[in-house]
Amino acid sequence: MSDPTPFDIQKITVPISATDLSKYKELRLTSLPKDPQFFGSNYKREAAFSEQDWKYQLDSTNKATFIVKESNDKWIGTLTVLATSSDLDLAAPFQGLGVVLGDDTNRNIYAMVGLWVDSAFRSKGLGQRLIQQALSWAREHIPHENDDTAKIAILEVHRSNIIEKAMYQKCGFKVIPKAESGKGDTEWMIKDLDL
Ligand SMILES: CC(C)(COP(=O)(O)OP(=O)(O)OC[C@H]1O[C@@H](n2cnc3c(N)ncnc32)[C@H](O)[C@@H]1OP(=O)(O)O)[C@@H](O)C(=O)NCCC(=O)NCCS
């Protein structure tokens with residue numbers, strides 16, 4: 001792995017400033033058309049976002065978006081982690097997970113979404129650094145007062161995305177086939193955050 005020092009990884013501050021909002025917008029609208037096969041969203045949808053829509057993506061204490069800054073202050077990578085247990089809308093895609101895990105234990109679920117590093121800066125360990133920072137945030141996040149429910153991190157991965165899958169495996173995630181596997185090209189990856 002190359003020396004990571006020229007790159008700084010930061011959590012976007014909430015409430016988001018106008019400058020950060022415009023930088024994040026530029027980053028997303030650069031990333032979506034470059035690797036469209038790996039995103040749940042797409043360029044056309046987000047290019048039509050209003051200022052309010054962009055703020056909704058970022059202004060919440062139940063989500064954290066991390067970005068990679070290059071030495072010239074250009075944003076060249078990102079990852080968002082969502083505390084789904086704090087938001088029913090966010091939790092919806094993960095219903096049925098208990099069935100997949102083979103138990104009925106209640107858990108706080110943190111979803112990792114939107115991982116992207118500019119192709120000019122890949123294989124420098126930035127993807128893994130983004131994941132580690134997102135996991136640290138999830139471990140420290142308090143979803144509800146006096147809530148000591150176990151925490152897991154989860155993501156949906158395209159079977160064909162060998163690099164993403166290998167990277168998350170290196171960070172301790174395990175593949176769990178989706179209950180409805182066969183319907184699509186994706187499966188779940190899961191990590192226990194209390195270990
Ligand atoms: C997935 C992605 C974020 C990885 O970013 P990155 O900064 O290059 O990640 P890292 O440098 O931390 O790790 C990449 C690992 O993959 C390895 N790798 C790179 N290219 C590879 C290839 N073609 N085949 C196999 N492994 C490869 C690297 O060697 C590295 O492993 P190492 O730590 O053993 O050296 C980046 O490739 C990307 O943005 N891809 C497109 C978008 C995407 O797939 N996002 C995820 C779904 S939303």
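The values are calculated or read from the model by the stated rules, or taken from the named source; none is laboratory data. Keep in mind that what you see is a predicted model, and the values were worked out from it rather than measured. No Cβ is skipped: glycine too gets one built from the backbone with ideal geometry, and neighbour counts run over all protein chains shown.
Descriptive notes on the structure:
- Matching residues in the range 36-58 - criterion: being over 15 Å from the mean Cα position of the chain (by Cα) and within 24 Å of L135 (Cα to Cα): W54, K55, Y56
- Checking L97 against (1) buried (at least 19 other Cβ atoms within 10 Å of the Cβ); (2) over 22 Å from D35 (Cβ atoms); (3) at pLDDT 80 or above, the condition it does not meet: (3)
- Here L21, L27, L58 are screened, and the one residue that is more than 16 Å from the ligand (Cβ to nearest atom), within 18 Å of L115 (Cα to Cα), of a type outside the set (S, T, N, Q) and touching a residue at least 40 places away in the same chain (Cβ under 8 Å) is L58.
- Beta carbons closer than 7 Å, at least 6 apart along the sequence or on distinct chains, pair a first residue in the range 168-195 that is closer than 20 Å to T149 by Cβ with a second that is assigned to a loop (DSSP other than H, G, I, E, B) and at pLDDT 75 or above for I190/F173; K191/G172; K191/F173; D194/A150.
- Test: W188 is aromatic (F, W, Y), touching an Asp or Glu at 6+ places or on another chain (Cβ under 9 Å), within 20 Å of K34 (Cβ to Cβ) and outside any loop (DSSP other than H, G, I, E, B): no
- So E156, is it in contact with a Lys or Arg (Cβ under 9 Å, 6 or more places away or on another chain), of a type outside the set (K, R) and surrounded by fewer than 19 Cβ atoms within 10 Å (Cβ to Cβ): yes
- Complete set of residues in the range 129-169 that are near the ligand (Cβ under 10 Å from one of its atoms), closer than 17 Å to T65 by Cβ and assigned to a helix (DSSP H, G or I): R129, L130, I131, Q132
- Test: K174 is more than 8 Å from the ligand (Cβ to nearest atom), among the basic types (K, R) and crowded, with 16+ Cβ neighbours inside 10 Å: no
- The one condition in (1) away from the ligand (no atom under 15 Å from the Cβ); (2) under 26 Å from H158 (Cβ atoms) that D73 fails to fulfil: (2)
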